[in-house]
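To keep things clear, I will list the structure first and then write my remarks on it.
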Amino acid sequence: MIRLQKGPLPEVLQSKGAEWTQEYLEAKGDPVKMTDTVKFRYRHPDVKAALRQESFNKCIYCESSVAFGETDHINPVSCCPEQIVEWANLGLVCKECNTHKSDYYAPAEPLVNPFKEEPSDHLILLGDIAIRVPGSTKGLRTISQLNLNRTDLLQWRFLRIKRLEPLMDQWSAHAEGETKKILRQAIEDEAADNAEYAATVRGYLSQVPGWNQSRR
Ligand SMILES: [Zn+2]
């Protein structure tokens, strides 16, 4: 998980958000009024496109790239129906994180929200595993609820680091100079916000001897 900035409010939510919310609240408990259209307004293609853009086509929680992805309500609609199309309450997620998160809602004991806080204050990516920052109960809950050490994620994070090794070997072997700078930039691109499992790559780089000392 990395820190994310909420993108601009999509125009369709700006113009229709209040109306869609009202419509949803009025239809609640009325199966005739609660049509799929009313229920899933938040799946509007413009909203989805904006969500994909702000999270670089990655799940906001586990950073897996998603071909299409699902829309998560950070505060679940079952508890906060008035936030059905609230922009700050929406995020792009993978199916697995969405399933694990389910209807988790505990205002006094929230999960890490990458739009509101720095995830690395709560989560350490050490190799392929996610560990809570000592003392962070928010980190503990987030890893547990989202199952951030599920087998598929461990495998993908491991492969992510393995694929970086040849480039790291080249960088390490080169003397200071322009070539080393180019290699360094290529490695930094692998840790950029838009890179898959960027937090894992950053965690790995923080352990590489000489990496932090050799900044240009
Ligand atoms: Zn995910």
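Filter segment 84-111 down to the residues that are within 16 Å of the ligand (Cβ to nearest atom) and surrounded by 23 or more Cβ atoms within 10 Å (Cβ to Cβ), then identify the one that is farthest from Asn149 (Cα to Cα). Explain how you work it out, then say what you get.
Residues of segment 84-111 that are within 16 Å of the ligand (Cβ to nearest atom), as a first pass: 90-102, 104, 111.
Those still in the list that are surrounded by 23 or more Cβ atoms within 10 Å (Cβ to Cβ) too: 90-94, 97.
Details: Leu90: 24, Gly91: 21, Leu92: 19, Val93: 16, Cys94: 15, Cys97: 11 Å.
If we take residues in segment 84-111 being within 16 Å of the ligand (Cβ to nearest atom) and surrounded by 23 or more Cβ atoms within 10 Å (Cβ to Cβ), then Leu90 is farthest from Asn149 (Cα to Cα).
Just to be sure, is Thr142 within 13 Å of the ligand (Cβ to nearest atom) and of a type in the set (Ser, Thr, Tyr)?
yes
Check Phe40, Phe115, Phe56, Phe68 and return the single one that is among the aromatic types (Phe, Trp, Tyr) and within 16 Å of Leu146 (Cβ to Cβ).
Phe115
Give the residues of segment 160-170 that are under 29 Å from Leu4 (Cα atoms) and surrounded by 13 or more Cβ atoms within 10 Å (Cβ to Cβ), sorted by residue number.
Across segment 160-170, the qualifying residues are Arg160, Ile161, Leu164, Leu167, Met168.
Determine, yes or no, whether Gly17 is over 27 Å from Ile143 (Cα atoms), more than 16 Å from the ligand (Cβ to nearest atom) and surrounded by 16 or more Cβ atoms within 10 Å (Cβ to Cβ).
Details: over 27 Å from Ile143 (Cα atoms): yes; more than 16 Å from the ligand (Cβ to nearest atom): yes; surrounded by 16 or more Cβ atoms within 10 Å (Cβ to Cβ): yes.
Yes.
For Lys58, work out the one condition from (1) farther than 20 Å from Asp46 by Cβ; (2) within 13 Å of the ligand (Cβ to nearest atom) it doesn't fulfil.
(1) is the only condition that Lys58 fails.
Out of (1) within 15 Å of the ligand (Cβ to nearest atom); (2) part of a helix (DSSP H, G or I), what's the single condition that is false for Tyr42?
(1)
Would you mind stating whether Leu140 is of a type in the set (A, V, I, L, M, F, W, C) and within 16 Å of Ala199 (Cβ to Cβ)?
Numbers: of a type in the set (A, V, I, L, M, F, W, C): yes; within 16 Å of Ala199 (Cβ to Cβ): no.
No.
Taking segment 1-54 as the region of interest, how many residues are within 23 Å of the chain's Cα centre (by Cα) and of a type in the set (S, T, N, Q)?
Summing the residues that are within 23 Å of the chain's Cα centre (by Cα) and of a type in the set (S, T, N, Q) in segment 1-54 gives 2.
Just to be sure, is Gln5 out of contact with any His (no Cβ under 6 Å at 6 or more places or on another chain), outside any helix (DSSP H, G or I) and modelled with pLDDT of 95 or more? Outline the logic, then answer.
Numbers: out of contact with any His (no Cβ under 6 Å at 6 or more places or on another chain): yes; outside any helix (DSSP H, G or I): yes; modelled with pLDDT of 95 or more: yes.
For Gln5, the condition - out of contact with any His (no Cβ under 6 Å at 6 or more places or on another chain), outside any helix (DSSP H, G or I) and modelled with pLDDT of 95 or more - is met.
List, please: which pairs have Cβ atoms under 8 Å, are six or more places apart or on different chains, and start with a residue in segment 153-170 that is closer than 16 Å to Pro209 by Cβ and end with one that is outside any helix (DSSP H, G or I) and among the small types (Gly, Ala, Ser)?
Hits for this filter: Ile161/Gly127.
Only one of (1) touching a Pro at 6+ places or on another chain (Cβ under 8 Å); (2) touching a residue at least 40 places away in the same chain (Cβ under 8 Å) fails for Asp103. Which number is that?
Just one mismatch for Asp103, condition (2).
Which residue pairs have Cβ atoms closer than 6 Å, lie 6 or more positions apart in sequence or on different chains, and pair a first residue in segment 171-187 that is charged (D, E, K, R) with a second residue that is surrounded by 10 or more Cβ atoms within 10 Å (Cβ to Cβ) and assigned to a loop (DSSP other than H, G, I, E, B)?
Lys180/His174
Could you tell me whether segment 22-39 includes any residue that is surrounded by 18 or more Cβ atoms within 10 Å (Cβ to Cβ), within 16 Å of the ligand (Cβ to nearest atom) and not hydroxyl-bearing (Ser, Thr, Tyr)? First the steps, then the outcome.
First, the residues of segment 22-39 that are surrounded by 18 or more Cβ atoms within 10 Å (Cβ to Cβ): 23-24.
Still in the list and also within 16 Å of the ligand (Cβ to nearest atom): none.
No.
The values are calculated or read from the model by the stated rules, or taken from the named source; none is laboratory data. What you are looking at is a predicted structure, and each value in this text was computed from that prediction instead of being measured. FYI the Cβ positions are ideal-geometry reconstructions off the backbone, even for glycines, and counts take in every protein chain you see.
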